[in-house]
1. Choose one answer from 17, 96, 53: the residue with the largest mean-square fluctuation in a GNM of the chain with alpha-carbon springs under 10 Å.
2. Could you point to the residue in 82, 174, 60 farthest towards the positive end of segment 52-204's charge dipole, with +1 and -1 charges on the Cβ of Lys/Arg and Asp/Glu respectively?
3. Percent of accessible area on the chain owned by carbon and sulfur, 1.4 Å probe?
4. In segment 1-107, which GluC sites (Glu not before Pro) are in a loop and have at most 15 other Cβ atoms within 10 Å, using DSSP for the loop call?
5. Along the charge dipole of segment 1-144, which of 115, 14, 136 sits closest to the positive end, that is, farthest toward it, with unit charges on the beta carbon of Lys, Arg, Asp and Glu (+1, +1, -1, -1)?
6. With a Förster radius of 45 Å, plug the Cβ-Cβ distance of residue 88 and residue 159 into 1/(1 + (r/R0)^6) and report the FRET value to the nearest 0.05.
7. How are the C-alpha pair distances of the chain spread across 10 Å bins, as whole percents from the shortest bin up?
8. Between residue 149 and residue 188, what length comes free when the chain is fully extended (0.36 nm per residue of separation minus the Cα-Cα distance, one decimal in nm)?
Amino acid sequence: MYIPNSFRGPQDQAAVVAFMQRYSFATLVTAAAGPPTATHLPFTVRHSAAGEVVLTAHLARANAQWRELTAGPALVIFSEPHAYVSPRHYEQAQNVPTWNYIAVHAYGPVQLLEAEADKRRVLEDLIEATEPDYLPQWQGLPAGYQQRMLGAIVAFELTVKDLQAKYKLSQNRTAQEQQNLAAALAQSPDNLTRQLAGYLPAAH
């Protein structure tokens, strides 16, 4: 990913991981042969016992992309929030509109998790992260139904070997312009735009 020096993300990996956990619906990209293939998936993001960042998710078995997962490194893109930036927030008239956003690219090898116990763990980790109250309902479903659901998915984990974070948040603008923009975004009726405002330098 192209990242100018002024837009490099936090050096603290924990902050980047926290961002990935907050905006965990991401895009899985593989390119084993021919055009790249992409699938949009919810991921669970955690640290392994060895301190590596590990992403887990599952695909429908009917989605042929799972056959490409072990052919080489895969890419997962986390890309919320973002917002249009009007030049009216700048101090000089000779300026043009732009777009502010945060994007994290995670690259690494993928391991398929084919054992039923591993697939169950991947699903239950996702439930714990999104709706813990549903877990007893899932665990109480008939065993045959659970097995059919587990048989219809392919679970996997990606161990991150290269983590790139781009925080394009008007860091190259004056302090006054950053304050103008942060105030404007914070007042937006759009929820994601307001969330982005909290990441701007002027908000800290």
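The values are calculated or read from the model by the stated rules, or taken from the named source; none is laboratory data. Just so we're clear, the structure is a prediction, and the values are computed from it rather than from any experiment. Here the Cβ positions follow ideal geometry from the backbone for every residue, glycine too, while neighbour counts run over all protein chains shown. Ligands, DNA and RNA are excluded from the accessible area calculation, which covers all protein heavy atoms including side chains. Shrake-Rupley method; radii C 1.70, N 1.55, O 1.52, S 1.80 Å.
1. Highest fluctuation of the listed residues: 96.
2. The residue sitting most towards the positive pole is 174.
3. 53
4. Of the GluC sites (Glu not before Pro), the ones in loops of segment 1-107 whose Cβ has at most 15 other Cβ atoms within 10 Å are 52, 91.
5. 14
6. So the FRET efficiency works out to roughly 0.50.
7. 8, 30, 28, 20, 11, 3, 0
8. 9.9 nm
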